[in-house]
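Student: Okay, here's the structure, questions in a sec.
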Amino acid sequence: MFSLASLHVVLVEPEIPQNTGNIARTCAVTGASLHLVGPLGFPLDDKKLRHAGLDYWSYLSLFTYDSLPEFFEKNKGNFFFFSTKAEKRHSDPAYPDPCYLFFGKESAGLPEELLFQHPASCVRIPMMDRARSLNLSNSVAVGVFEVLRQWDYPQLQCKGELRAFDWAAAKKSHPGSEFL
């Protein structure tokens, strides 16, 4: 199991197993830990949850809690609450290491009482005003990659190789090309 222990994604009462499976995969490939706060809208052995996470489950650091009070009792740190109701953009804060990114359930988001208690730590992903919200798994990906961008992608592979072609050979044969 690999974990970039300083980045944590917290899902509060997720309802759709496919979203949580996709988020588990995002956490696995970025090294972020995933915290699931219940009640969950599905069992952890749900077939759709496991299928959406593919074969990445062995790379995931997963923690579960029955409630928010239990989560806060066991975890301390820098908390950021993603919500369409927030006044600041998700790219405004400088995310410290370590940090926890909170996301609410698909049908209602995070509890407003929680947001009200932490106004300085509430952030939103900008979107058109006529749209209700992004998909939960997309929102998590946006948040995770903003933090990792700020941290300069620690421990992540940032360069890839082609299978059938060679980047270096293309650069030599096409010097100054705008595509390379």
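Read the figures in this text as sums done on the coordinates, not as results from a lab. Nothing here was measured: the structure is a model prediction, and the numbers come from that model. Every residue, glycine among them, receives a Cβ derived from its backbone with ideal geometry; neighbour counts consider all protein chains shown.
Student: List the trypsin sites (Lys or Arg not before Pro) within region 108-141 that DSSP assigns to loop and that have no more than 10 neighbouring Cβ atoms inside 10 Å.
Tutor: Working: sites: Arg124, Arg130, Arg132; in loops: Arg130, Arg132.
Within region 108-141, the qualifying trypsin sites (Lys or Arg not before Pro) (loop, at most 10 other Cβ atoms within 10 Å) are Arg130, Arg132.
Student: Need the full-extension length gain, Asp55 to Lys171, defined as separation in residues times 0.36 nm minus the C-alpha distance. One decimal, nm. Show your work: numbers first, answer last.
Tutor: Numbers: separation 116, 0.36 × 116 = 41.76 nm, distance 3.56 nm.
So the chain would gain 38.2 nm between Asp55 and Lys171.
Student: If packing is taken as the average number of other Cβ atoms within 10 Å across a peptide's residues, how do 79-90, 13-24, 28-39 rank, most packed first? Don't skip to the end; give the middle numbers.
Tutor: Working: 79-90: 18.2, 13-24: 22.1, 28-39: 20.0.
Per-residue Cβ counts within 10 Å, averaged per peptide and sorted highest first, yield 13-24, 28-39, 79-90.
Student: Between Ser67 and Arg130, what length in nm is gained on full extension when 0.36 nm per residue of separation is reduced by their alpha carbon distance? If you can, show how the numbers build up before the last one.
Tutor: Working: separation 63, 0.36 × 63 = 22.68 nm, distance 3.23 nm.
Gain on extension, Ser67 to Arg130, equals 19.4 nm.
Student: Right, another one. Add -39500 (n - 2.57) for each DSSP H run of 4 or more in the chain, then divide by its residues: what number comes out at 222 nm, to the nearest 500 deg cm²/dmol? All intermediate terms of the calculation are to be shown ahead of the outcome.
Tutor: On the way: 6 runs with 55 residues, N = 180.
Calculated from helices alone, the mean residue ellipticity at 222 nm is -8500 deg cm²/dmol.
Student: Less than 24 Å apart at the alpha-carbon level, and either on another chain or at least 8 residues along: which lysines does that give for Lys171?
Tutor: Of all the lysines, those that pass the test against Lys171 - Cα under 24 Å, at least 8 places apart if same chain - are Lys159.
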